[in-house]
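Report on the structure given below.
The values are calculated or read from the model by the stated rules, or taken from the named source; none is laboratory data. In this text, all values refer to a predicted model and were calculated from it rather than measured experimentally. No Cβ is skipped: glycine too gets one built from the backbone with ideal geometry, and neighbour counts run over all protein chains shown.
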Amino acid sequence: MKDLFGKALLDFQNGNYTEDIITSTSISDEDELPIPYLFRSYNEMPKLEQKALQLTQGRTLDVGCGAGGHSLYLQDKGIYIKAIDISKGAIEVVKQRGVLQAEVKDILDETETFDTILLLMNGTGIFQEASQVSKYLTHLKSLLNPNGQILIDSSDIKYMYEDEEDGGFWIDTNAEYYGELDYFLTYKGEEEDAMKWLYLDFENLKMTCESVGLSCELVLEGEHFDYLARLKNK
Ligand SMILES: C[S@@+](CC[C@H](N)C(=O)[O-])C[C@H]1O[C@@H](n2cnc3c(N)ncnc32)[C@H](O)[C@@H]1O
């Protein structure tokens, strides 16, 4: 990984913001990801994220913290927060912004336990593939304190396969799950290694939760097939 995402966050943090990140996926064309959006304040966050922050309590882990907006907001409210990310650049930014506990770490290497675990801005993306959801959920479950909760958002992206003319869907039923995408990112002319990124619909998330002994509650639906879910030990 070249960590172009982290590089973009560092550029913004250090006043060198000149252009946005360009993303594309196996099913969609190029699109801009505005870097200022990654530094959004509470008031600029989608309702689903605001709701997740309102429900957060106790020792909290922010998984894939990015530029750390959620962590900072919670830390300012007096909540103990640990922010982790696999991006070195992101963790440097988060530390510069004042998050006290921040570490370069893959979620699968985390071993402490928490009352709240946050995975926000398509939190299921980190699972990469439908076949890995139970492995990640089982690990996240092992990090929960008694009565702890996991707050995670995602979207059902079936709409991206809709034929605008006849309203039908062109999903290949022989292929892997339709929410599994290859994700490409370029920044300042450099190309990141291709990544896998998973959008998981609520019903599939719930089914896999049940299979690993977690309950899965739909907390809130967004305006565009997106949702926030709360998972707990059964
Ligand atoms: C879409 S960004 C979301 C950033 C932030 N949560 C936000 O809402 O702005 C996803 C983040 O997850 C991080 N990430 C991806 N896989 C991870 C893993 N296995 N463990 C920890 N972080 C991961 C990426 O480096 C990236 O910063």
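Before moving on, here are some points about what is shown:
- For the residues E19, E103, E44, E49, the requirement of being among the acidic types (D, E) and closer than 17 Å to E191 by Cα singles out E19.
Results for (1) surrounded by fewer than 12 Cβ atoms within 10 Å (Cβ to Cβ); (2) assigned to a strand (DSSP E or B), shown as yes or no for each residue.
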{"position": "K7", "(1), (2)": "no, no"}
{"position": "F12", "(1), (2)": "no, no"}
{"position": "Y17", "(1), (2)": "no, no"}
{"position": "D31", "(1), (2)": "yes, yes"}
{"position": "N43", "(1), (2)": "yes, no"}
{"position": "K51", "(1), (2)": "no, no"}
{"position": "Q54", "(1), (2)": "yes, no"}
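- In the set (1) closer than 28 Å to L10 by Cβ; (2) more than 9 Å from the ligand (Cβ to nearest atom); (3) surrounded by fewer than 23 Cβ atoms within 10 Å (Cβ to Cβ), the condition left unmet by D106 is number (2).
- Filter result (near the ligand (Cβ under 10 Å from one of its atoms) and among the aromatic types (F, W, Y)) within the range 109-128: F127
- Among the residues of the range 169-182, just one is at pLDDT 95 or above and surrounded by fewer than 18 Cβ atoms within 10 Å (Cβ to Cβ), namely D182.
Listed here are the residues, each with its yes/no results for (1) under 20 Å from the mean Cα position of the chain (by Cα); (2) within 18 Å of Q128 (Cβ to Cβ); (3) at pLDDT 90 or above.
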{"position": "E165", "(1), (2), (3)": "no, no, no"}
{"position": "Y199", "(1), (2), (3)": "yes, yes, yes"}
{"position": "S211", "(1), (2), (3)": "no, no, yes"}
{"position": "G222", "(1), (2), (3)": "yes, no, yes"}
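- Checked against the criterion of being near the ligand (Cβ under 8 Å from one of its atoms) and either among the basic types (K, R) or modelled with pLDDT under 95 (or both), the candidates R40, R97, R59 yield just one match: R40.
- Among the residues of the range 1-19, those that are out of contact with any Ser or Thr (no Cβ under 6 Å at 6 or more places or on another chain), within 14 Å of the ligand (Cβ to nearest atom) and among the charged types (D, E, K, R) comprise K2, K7.
- D166 falls short of the stated requirement of being surrounded by fewer than 23 Cβ atoms within 10 Å (Cβ to Cβ), acidic (D, E), within 16 Å of the ligand (Cβ to nearest atom) and farther than 24 Å from E221 by Cα.
- Count - residues of the range 111-151 that are under 13 Å from the mean Cα position of the chain (by Cα), outside any helix (DSSP H, G or I) and closer than 16 Å to G179 by Cα: 3
- The range 26-55, residues that are β-branched (V, I, T) and within 16 Å of the chain's Cα centre (by Cα): I35
- The range 62-89, subset more than 14 Å from the ligand (Cβ to nearest atom) and not in a helix (DSSP H, G or I), residue surrounded by the most Cβ atoms within 10 Å (Cβ to Cβ): I79
- Here L214 meets the list (1) closer than 30 Å to G6 by Cα; (2) out of contact with any Phe, Trp or Tyr (no Cβ under 7 Å at 6 or more places or on another chain); (3) surrounded by 16 or more Cβ atoms within 10 Å (Cβ to Cβ) almost entirely, failing just condition (1).
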